[in-house]
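The structure under discussion appears below in the form of structure tokens.
The values are calculated or read from the model by the stated rules, or taken from the named source; none is laboratory data. This one's a predicted model, so the numbers in the text were calculated from it and none came from an experiment. A quick note on method: Cβ atoms are made from the backbone with ideal geometry, for glycine too, and the neighbour counts reach across all protein chains shown.
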Amino acid sequence: MIIAVASHKSGGATTTAAALALSWPGEPAVLVEADPAGGDMSGWHAVPDVPGLVTLASACRAGVGVELSAHSAHLPLGLEVVPAPAGRPQASASIGLLADADTGMWAKARPVVVDVGRLEPGSPALPLAAAADVLLVVCRVDVLSLLRASLAEQAFPSAALVLIGQSIHDTHELETQLTLTVAAQLPLDRHAAEVIAGTRRPPKGWTRVGLPAAARALARLIAPQPLMEGAPE
């Protein structure tokens, strides 16, 4: 299963994607950084970006057998990530190669959460967003009108909205206005965001509250049923 996480103007895709991958039920999910603006995880957690997106894209282009674990790093917070280079040109080139490959080459064995960055016309990550089983669009409520205009330009039948923070609008009203399913409302959780960004040590039990707990509820909502059986509470 491929879950793409995107944002519009306000950002938040990387933190949300990381929380979702970290909280995935059943078999652990892998986070793949595919933001054309460049990756964050390598810099945040002082891990090399090779192996990573560059080597994964090269393997797909060569048509050889691809095992995600050969291109990933394990972060101290418990997250497995395929890191992207921080620079836009190198990241964009690798994303283009990955987007040209059959997703079955690299996303067939395990659940994969792909951070595709901002939804912008011409983004090389748009084919990855379109190919995902679920596209989650992260948005703050103050940019909903801009989000609606952006989504009107692209056809994303699998898209669902993830609101960050508390909305004054109820879910039904938002779904009617945007013609888009509201999958979840996630809290503004500064402490969890700092853990994900590597500026705060993971405190004991941090995944049971706040953003990780809300992300786990979202993951259970969108995960295929077989993945949920026997998953820890």
So which of P89, P121 is surrounded by fewer than 17 Cβ atoms within 10 Å (Cβ to Cβ) and either of a type in the set (K, R) or not in a loop (DSSP other than H, G, I, E, B) (or both)?
P89
Residue hits (the range 9-24; touching an Asp or Glu at 6+ places or on another chain (Cβ under 8 Å), hydroxyl-bearing (S, T, Y) and modelled with pLDDT of 95 or more) are T14
For I95, the lone unmet condition from (1) part of a helix (DSSP H, G or I); (2) buried (at least 17 other Cβ atoms within 10 Å of the Cβ); (3) out of contact with any Pro (no Cβ under 8 Å at 6 or more places or on another chain) is (3)
Residue check: is L22 under 20 Å from A129 (Cβ atoms), under 17 Å from the mean Cα position of the chain (by Cα), crowded, with 17+ Cβ neighbours inside 10 Å and among the hydrophobic types (A, V, I, L, M, F, W, C)?
no
Can you find a residue in the range 65-79 that is among the polar types (S, T, N, Q), modelled with pLDDT under 95 and either out of contact with any helix residue (DSSP H, G or I) (no Cβ under 6 Å at 6 or more places or on another chain) or closer than 24 Å to L188 by Cα (or both)?
yes
Going through the range 25-48 one residue at a time, which ones are acidic (D, E) and either out of contact with any helix residue (DSSP H, G or I) (no Cβ under 9 Å at 6 or more places or on another chain) or surrounded by fewer than 24 Cβ atoms within 10 Å (Cβ to Cβ) (or both)?
E27, D40
Qualifying position, being modelled with pLDDT of 90 or more and under 20 Å from the mean Cα position of the chain (by Cα), among G198, G165:
G198
State all residues of the range 25-45 that are modelled with pLDDT under 95 and either out of contact with any Leu (no Cβ under 7 Å at 6 or more places or on another chain) or under 13 Å from L75 (Cα atoms) (or both); if no residue qualifies, say none.
P28
Within the range 126-147, considering residues that are surrounded by fewer than 16 Cβ atoms within 10 Å (Cβ to Cβ) and modelled with pLDDT under 75, the one farthest from T15 (Cα to Cα)
S145
Within the range 64-80, take every residue that is under 20 Å from A215 (Cβ atoms) and assigned to a loop (DSSP other than H, G, I, E, B) and give me the one that is farthest from the chain's Cα centre (by Cα).
P76
Filter the range 168-195 down to the residues that are part of a helix (DSSP H, G or I), under 18 Å from the mean Cα position of the chain (by Cα) and touching a residue at least 12 places away in the same chain (Cβ under 8 Å), then identify the one that is farthest from V134 (Cα to Cα).
V195
